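One structure is given below, encoded as C-alpha cells.
The values are calculated or read from the model by the stated rules, or taken from the named source; none is laboratory data. For clarity, every value in this text was computed on a predicted model and none was experimentally measured. In this analysis, Cβ positions are derived from the backbone assuming ideal geometry, glycine residues included, and neighbour counts consider all displayed protein chains.
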Amino acid sequence: MTLLTRWGPLREFSTMQDRMNRMNRLFRESYSPEGPEDALTTTSFAPPVDIYEDEHTITLKLEVPGIDEKDIDVRIDNNTLTVHGERKMEKEEKEENFRRVERQYGSFTRSFTLPSSVDPGQVSADYNKGVLKIKLAKKAEAKPKQIKVNVGGEKTLEAKAPAKVA
C-alpha cells in the first residue's frame with residue numbers, strides 16, 4: 001500500500017527548528033553549571049503560530065498558555081512584528097519530586113516581516129484562554145476593488161469637456 005503525503009517545505013524548517021531546540025536543551029541540561037534542574041527553567045521555546053488572511057486583515061494566533069498577559073510584549077518596528085514573552089516556572093512545587101518535566105519554560109521571541117499592505121497604525125491584540133490573537137488591518141489601497149465591466153450592447157456615458165465661461 002502506497003501513501004501519498006503532501007510536501008510542505010516550511011514544515012521541514014519548523015521540524016528542523018524543533019530538533020535544534022531539543023538538541024540545545026539537552027546540551028544545556030548536560031553542561032549547565034547550575035545542574036539539570038535549573039537548566040530546565042532557562043530553556044527558550046517558540047510558541048506555535050497560525051496565520052490567516054482575508055481581504056481586510058491578517059490575523060496571527062499564538063499559543064502561549066500559562067503566560068501572564070503582563071509578560072507578553074507585542075511591538076511593530078521597521079515593518080517587523082515582534083512578540084516577546086516569558087513563561088516562568090512556578091516555585092510553589094518545591095516539595096514535589098519531579099519525575100519528568102516536558103513543559104518548556106523561559107523566554108521566547110517570534111518575529112514576522114509584515115507585507116507593505118499592512119497598516120501599522122491599525123493593530124489590535126487580544127489574549128484569551130492562552131491564545132494571543134493579533135489582528136493587522138490592511139491599507140485601503142491594498143484591498144481588492146470591484147470593477148464593473150460594460151458589455152458591448154449597453155450604452156456608456158461619455159465624458160463631456162467643461163463649458164468655457166467667457
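Checking the conditions here, which among Glu29, Glu102, Glu95, Glu55 is farther than 30 Å from Pro144 by Cβ and either surrounded by 14 or more Cβ atoms within 10 Å (Cβ to Cβ) or at pLDDT 75 or above (or both)?
Glu29
Working carefully through the options Pro36, Pro47, find the one that is at pLDDT 85 or above, surrounded by 11 or more Cβ atoms within 10 Å (Cβ to Cβ) and on the phi < 0 side of the Ramachandran plot.
Pro47
What number goes with the only condition from (1) in contact with an Asp or Glu (Cβ under 9 Å, 6 or more places away or on another chain); (2) at pLDDT below 85; (3) in the same structural domain as Leu132 (by TED's automatic domain parsing) that Met89 does not pass?
(1)
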